[in-house]
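What follows is calculated from the coordinates using simple rules that are stated; it is not laboratory data. Remember, predicted model here, so these are calculated numbers, not experimental data. In this analysis, Cβ positions are derived from the backbone assuming ideal geometry, glycine residues included, and neighbour counts consider all displayed protein chains.
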Amino acid sequence: MQGALSGIPSDKFWLAVDELVATSDVVIDRPQGSRHPRITEAIYPVDYGYLVGTTGGDRAGIDVWMGSVRPAAVTGVVCTVDSRKRDAEVKILLGCTPDQEGEILAFLNKGLMAAVLVRAPAPSATP
C-alpha cells in the first residue's frame, strides 16, 4: 500500500512502529480511570503510558494507549495537535478495540487539542 502523497509504501511505516514497540518496554503511568495530573476533570478511558528509551514530540517517551486486546499489537496511531502548547505528537495504540479508539478520540478532542486516528492495516492471514 502506498502512502497518500509520498509514494513510499505505508507498510514501511507500520513495520517501523512494530519494531519500535517490540524493542521497548511499556510503562503505564496513568491507568484507566485515573485523573490527569493537571486537568483533574479529565479521566483516562484506557491505560496510558510511554515507551521507555524513546523520544516523542514533547521530548518525553513516545506515548502509548494500551487497550484490552492481548497480545497487544499495534492497532493504530493517533496524531494530535495542541494549539495551547503549540505542539504535535503521534501516540501509538496497542491492543485497542474500535470502542476504545472512540473513547481515546473523545478524550483527546477537547479544548484546544485535536486528534485524528490512523488505523494500522489488519495483519495478513497466514496460510
- Item | region 20-127: trypsin sites (Lys or Arg not before Pro) in DSSP loop, at most 11 other beta carbons within 10 Å | 38, 59, 84, 86
- Full-stretch length increase - residue 119, residue 69 - with 0.36 nm per residue and alpha-carbon distance subtracted: 16.5 nm
- Query: Tell me, 54, 97, 80 in order of fewest to most beta-carbon neighbours within 10 Å?
  - Reply: 97, 54, 80
- Item | Acute angle (nearest 10 degrees) that the helix 10-22 long axis makes with the longest principal axis of the chain, alpha-carbon atoms | 60 degrees
- Could you state the angle between the C-alpha long axis of helix 98-108 and the longest principal axis of the C-alpha atoms of the chain, as a value from 0 to 90 degrees rounded to the nearest 10? 40 degrees
- What value, in deg cm²/dmol to 500, does the helix sum -39500 (n - 2.57) over DSSP H runs of n ≥ 4 give at 222 nm once divided by the residues of the chain? -6000 deg cm²/dmol
